[in-house]
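The values are calculated or read from the model by the stated rules, or taken from the named source; none is laboratory data. In this text, all values refer to a predicted model and were calculated from it rather than measured experimentally. Cβ sites come from the backbone with ideal geometry, for glycine too, and all protein chains shown count toward neighbours. Remember, those area values only see protein heavy atoms, side chains included, never the ligands or the DNA or RNA. Shrake-Rupley method; radii C 1.70, N 1.55, O 1.52, S 1.80 Å.
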Amino acid sequence: MPATKFQGSARAAFGFAVVAAIAMSVAHGQVSTVDEIARYRAALQDGNPAELWEARGENLWKSPRGPKNVSFAACDLGQGPGVVKGAYAQLPRYFADADRVMDLETRLVYCMVTQQGYTQPDAMKGPFGGPGNKSDIEALVAYVTSQSRGVKMNVPLAHPKEKEAFALGEKMFVYRGGTHDFSCATCHAEDGKRIRLQDLPNLMTVAGAQKAYTTWPAYRVSQGELRTFQWRLNDCFRQQRFPELIFTSDASIALTMYLARNANGAAFDAPAIKR
Amino acid sequence: MRKHFLLWGCAGVIAVAMVGCATAQSDVDVSRQAAAVLKSSFKANGQAGLDRLDQDETQRLCTQYANKALPKDVAEMIEKLNTASIKWPADGKWLGDWKNGERIAQEGRGKQFSDDPKGPVGGNCYACHQLTPQEVSYGTIGPSLYQFAKLRGYTDETRKYAYGKIWNADAYSACSNMPRFGHSQILTEQQIKDLVALLTDPDSPVNK
């Protein structure tokens, strides 16, 4: 497939850029390291393979699928049946039909089950892609989120269940556990910190939450995959030495609600590209 | 006592009328609910079981005071509790091999559900600290440890502090961001001695 070939060569080129950046930084010291990493990040913006996921996702969104052979035309993401434009900028939100606060991934699964006739386990299958195993959910998320690019984040906090999810997410963010005593706040509660050379957003500030949240999903160069916010949370908890966060679980939605709401007012700018 | 009063007060309101209880829901109740929702939102994977979500007293208190100033008496209690947990070396020796220490400081694997349970477990010190000047890829969550003993002296006191701090950071600074490597059985006594050597051996590049 041409897509695979493109990803492979893109990864090789970016890989070379990383090696070059690090080699140069060793020669020039710490200030230069930061400069080189910034230059590397800027170079990434030139072409974003996330477009391949967006195109595949658009096709999935518009094609009849599942046992009932229907498309997502009747799927209401909060802005009316089938409306994708600007929908992601107002998620998560409370959905009366499900009587639950839902993020995008959870809502997609809901539509696949209630409208397309998939079983819950089938709809939840393969949320994160790997080599030779592309995820439909990641592609659908890429397409839907691309339709909010440039739209200001405007996550509602009106319904009692929206308020509850936000309050729970706020608490979960500082919950310490695991072998290492880590919480989200261990790495994401101070400005200007890094893990190794990776900058860490301070998610407890509006500016930090805005910058981070509006740049997910993202094509991850190091993985050759487009990654969603559900993946971002799952992988943070893996590194926190927690057990595995269940896809579309209540905690995943509460944390997403907390971070998305804190990003309100910023223009959504994803799918992005990250190292 | 105060917490109990609040809970009973809330229950009383429910008995009379539902109105008002939601807004009067205490911070403690929200925390309790958050912990319960977290526990139903994870699944065991590999070596990471659901028991990792169970908090010990230190984790519980540090969570409770995460967004507030830690009261002095609570901080002292946490430090005392954790000081008592430090297992000092039986042979009275502090220094291992700094070269092994460097490998342990570089190693990021260990204890993640994606890690081989029989594979290496490191301290991943460089994730948060500067150590040797040769390694430029270091994080900044913790302070720079470059010239650790050159600045503090190559003394038993410095070495004992390094050993104790790595074993249980909360003994020195309640609710530290640093894992309790000995206490939580992440690193062995020998690995901690190797890290003490990385920090306090005059031959270690950290002190050059």
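Assorted remarks:
- A cut-off of 5 Å between modelled amide H atoms, ignoring neighbours fewer than 5 places along the same chain, links residue B:45 with A:244.
- Other protein chain Cβ atoms within 10 Å, averaged over every residue that makes up B:27-40: 5
- Cα-based reach from residue B:150 at 19 Å (exclusive), listing aspartates and glutamates while leaving out same-chain residues under 8 positions away: B:97, B:102, B:135, B:194, B:201, B:203
- Whole-number accessible area per residue in Å² for the protein assembly as shown, which is evaluated in the context of all protein chains at 1.4 Å: 46 Å²
- Partner shielding of A:192-201 amounts to 5, given as the average count of beta-carbon atoms from other chains within 10 Å of each residue beta-carbon.
- Subtracting the Cα-Cα distance of residue B:152 and residue B:189 from 0.36 nm times their residue separation leaves 11.0 nm of extension gain.
- Accessible-area value, residue A:188, 1.4 Å probe, nucleic acids and ligands omitted, Å²: 30 Å²
- Under 5 Å, built H, 5+ apart or other chain: amide partners of residue A:267: A:153
- Virtual paramagnetic centre 7 Å along Cα→Cβ of residue A:62, amide N under 17 Å, in segment A:147-163: A:147-148
- Cross-link pairs beyond the 19 Å C-alpha cut-off, checked among A:125/B:111; A:152/A:211; B:39/B:165; A:171/A:193: A:125/B:111; B:39/B:165; A:171/A:193
- In order through segment B:188-199: 3J(HN,Hα) via Karplus (6.51 cos²θ - 1.76 cosθ + 1.60), integer Hz, x for Gly, Pro: 7, 4, 5, 4, 5, 4, 5, 6, 4, 5, 4, 7
- Amide H partners (placed H, <5 Å) of residue A:65, local residues excluded: A:70, A:71
- Fully extended contour minus Cα-Cα distance, from residue B:50 to residue B:85, at 0.36 nm per residue: 10.2 nm
- Take the Cβ atoms of residue A:158 and residue B:39, set R0 to 35 Å, and the FRET efficiency comes out at 0.80.
- A straight chain from residue A:55 to residue A:74 at 0.36 nm per residue would run longer than the Cα-Cα distance by 4.8 nm.
- Between segment A:42-108 and segment B:182-200, the Cα center-to-center distance that results, in Å: 49 Å
- Peptide B:140-150, shielding by other chains (average Cβ, 10 Å cutoff): 2
- Cα long-axis angle, helix A:160-172 against chain A (0 to 90 degrees, to the nearest 10): 30 degrees
- Percent carbon-and-sulfur accessible area, chain A, ignoring ligands, DNA and RNA, probe 1.4 Å: 58 percent
- For the protein assembly as shown, the Cβ-based charge dipole about the Cα centre amounts to some 360 debye (Lys, Arg positive; Asp, Glu negative; other atoms uncharged).
- Using θ = phi - 60° in the Karplus curve 6.51 cos²θ - 1.76 cosθ + 1.60, the 3J(HN,Hα) couplings for segment B:203-208 round to 7, 5, x, 4, 9, 8 Hz; x is entered for Gly and Pro.
- HN-Hα J in Hz across segment A:111-128 - Karplus 6.51, -1.76, 1.60, θ = phi - 60°, x for Gly and Pro: 5, 4, 7, 7, 10, 8, x, 5, 6, 4, x, 5, 5, 8, 5, x, x, 10
- Between A:104, B:96, A:258, the Cα set farthest toward the positive side of the dipole of the protein assembly as shown (charges on each charged residue's Cβ, about the Cα centre) is that of A:104.
- Once both labels are positioned 7 Å from their Cα atoms along Cα-to-Cβ, the gap between residue A:199 and residue B:32 label points is 4.3 nm.
- Chain A: most fluctuating residue of A:253, A:195, A:37 per GNM, C-alpha cutoff 10 Å: A:195
- Computed on protein heavy atoms with a 1.4 Å probe, the accessible areas place B:98, A:53 in the order B:98, A:53, largest first.
- Buried accessible surface for the B/A chain pair comes to about 4300 Å², total over both chains, computed with a 1.4 Å probe.
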